[in-house]
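Please read the structure below before turning to the comments.
None of the figures in this text is laboratory data; all of them are computed from the coordinates on show. Everything numeric in this text was worked out from a predicted model, so none of it was measured. FYI the Cβ positions are ideal-geometry reconstructions off the backbone, even for glycines, and counts take in every protein chain you see.
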Amino acid sequence: MSALHPTPVPPAASSPRDMLGRPLHDLRLSVIEACNFRCPYCMPAERVPDDYGFDAASRLSFGEIETLVRGFVRIGVSKLRLTGGEPLLRKHLPQLVRRLTAIEGLADIALTTNGSLLASQAQALREAGLGRITISLDALDPVLFRAMTGGRGEIADVLGGIEAARRAGFDSIKLNCVVQRGVNEDQALPLVEHFRGSGIVLRFIEYMDVGTCNGWRREGVVPSAELHARIHARWPLRSLQPQYRGEVASRYAFVDGGGEIGFISSVTAPFCGDCHRARVSADGALYTCLFSGEGTPLRPLLAQGDAAVADHVAALWSARVDRYSELRTEAGSSRKKVEMFLVGG
Ligand code: SAM
Ligand code: SF4
Ligand code: SF4
C-alpha cells in the first residue's frame, strides 16, 4: 500500500549541523493556514476573523511542495509531518501524500489534524500511503470540547474520525491533549480512562506561549509532573526508554498492561538540545524554531530545483542558534513570534 522506503536512507554527506551541533531530521510542513476551529490557545476567534486565510495562489502548489521536500531529504530529513491550520481543509490532500510517498529517503509521513473532517478522508489518506496520524483532542465533555474549539467543533465528529482512521488500517494513532489550568485539567483522567487499552497513545502537552494572540500566562500551564502524579495515583505507570534521540514525548506504560501515554513538557523540561526540526509555512517560509519571529521565504528558490533548496536550507540551518524554550522568560514571551496556526506545531 505505502510506497515509503522502510529503511531511512543515510543523510547525505552534506547533511548540516547547526551552531549547537544539532542535525536536521524532521520537517513539519503546513499545507494550509486556514482552520475550521478557533481554539483559543492557538487561533482565538476575537483575534482571527472567520474568513482568515491566504488566497489559494499564495500556497505552495503540490509540485512546489514535492520539490521542497526533495530538497530537505537531500540534506538528511527522513521524517515529514503534514500540518496546518487544518490540513484536511487542503483540497486533494491524498494526492499530495501519494506524490510524497514516492520520494526515496523519506521513511515516514505523518499528519496532525483536529480530526473533524477525518471520517470522510481516512481511507483515501491510508490508500495514498500516509503512515501515521495524530489527532488533537482536548476534552471528552461535549460542551467543553465545543468551547475549546471556539464554538466550532463537535466531539462526536472527532471520535468518528478516530474510528474511521482505525477502520482504514492506521495502526499508529496518537492523540494530543493540551492541558490548561482551570480549563480542561479535569478532562485528563476521563481521557486516559477512555483510551487506555485501545492501542491509541494519548499525549499531554503543556500549554505554550506560541504566537502573540493567545494571552499565555505561566499560571495557565499544568506541569507534566503534576499530571503524571494524578494519573499514576489511579493507574500506576512505569517509564519507557526513548525510541530515538530527540523524541519529544516522555513515554510511560501502564503497569497493568493498558498501553502507553506520553507527556510533552516544552515549558517545564525543554528539549531544545535535541531539536532536529524545521518548519515550513503554507506559503513556503522556513522557520528554524517554533518561536521564530521571522521566516525565510524558500518559494523563489523552488523553480531552481531541489538541489538549490538543499544548499540554501543547509546554509540557513548551519547558522541556527535557536533554543527559545531553554531561555524562556516572561518578558521574552511577549516578543514577536510566528503563530502556531502558520507553522503547525
Ligand atoms: N489543526 C491541527 C490540529 O489541531 O491538530 C494541526 C495544527 S495545530 C497548530 C497542531 C498542534 O498544536 C495541535 O495539537 C494543537 O493542540 C497544538 N497547539 C496549538 N496551540 C498550542 C499552544 N498554545 N500550546 C501547546 N500546543 C498548542
Ligand atoms: Fe485550528 Fe489546530 Fe489551531 Fe485548533 S490547534 S485552531 S484546530 S490549527
Ligand atoms: Fe526546538 Fe525552538 Fe522548541 Fe527549542 S524552542 S525545542 S529550538 S522549536
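Remarks
- Inter-label distance for Asp186 and Ala269, nm, one decimal - labels placed 7 Å from Cα along Cα-to-Cβ: 2.8 nm
- Computed E for Ser58/Val255 - FRET, C-beta separation, R0 45 angstrom, nearest 0.05: 0.35
- The phi-based Karplus calculation (6.51 cos²θ - 1.76 cosθ + 1.60; θ = phi - 60°) puts the 3J(HN,Hα) values of region 319-328 at 9, 6, 10, 4, 7, 3, 5, 6, 9, 3 Hz, whole numbers, x for Gly and Pro.
- Over the chain, dividing the summed -39,500 (n - 2.57) contributions of all DSSP H runs of at least 4 residues by the number of residues returns a 222 nm mean residue ellipticity of -7500 deg cm²/dmol.
- Considering only the chain, percent of DSSP beta bridges that pair antiparallel, nearest 5: 30 percent
- Spin-label pair Trp235/Asp171, simplified geometry with 7 Å Cα→Cβ offset, distance in nm: 2.1 nm
- Potential lengthening between Ser120 and Arg152 on full extension [0.36 nm per residue; Cα-Cα distance subtracted]: 9.7 nm
- For the chain, the fraction of C-alpha pairs farther apart than 27 angstrom is 44 percent.
- Using the Cβ-Cβ distance between Arg17 and Arg335 with R0 = 25 Å, the FRET efficiency computed as 1/(1 + (r/R0)^6) comes to roughly 0.40.
- Straight Cα distances below 13 angstrom link Lys337 to the aspartates and glutamates Asp209, Glu294, Asp322, with same-chain residues fewer than 8 positions distant left out.
- Peptides 163-174, 282-293 ordered by packing proxy, namely the average of other Cβ atoms within 10 Å per residue, highest first: 282-293, 163-174.
- Label point of Ala303 set 7 angstrom out along Cα-Cβ; within region 21-65, amide nitrogens under 14 Å from it belong to 64.
- Estimated FRET transfer efficiency (Glu226, Glu193; beta-carbon r; R0 22 Å; 0.05): 0.75
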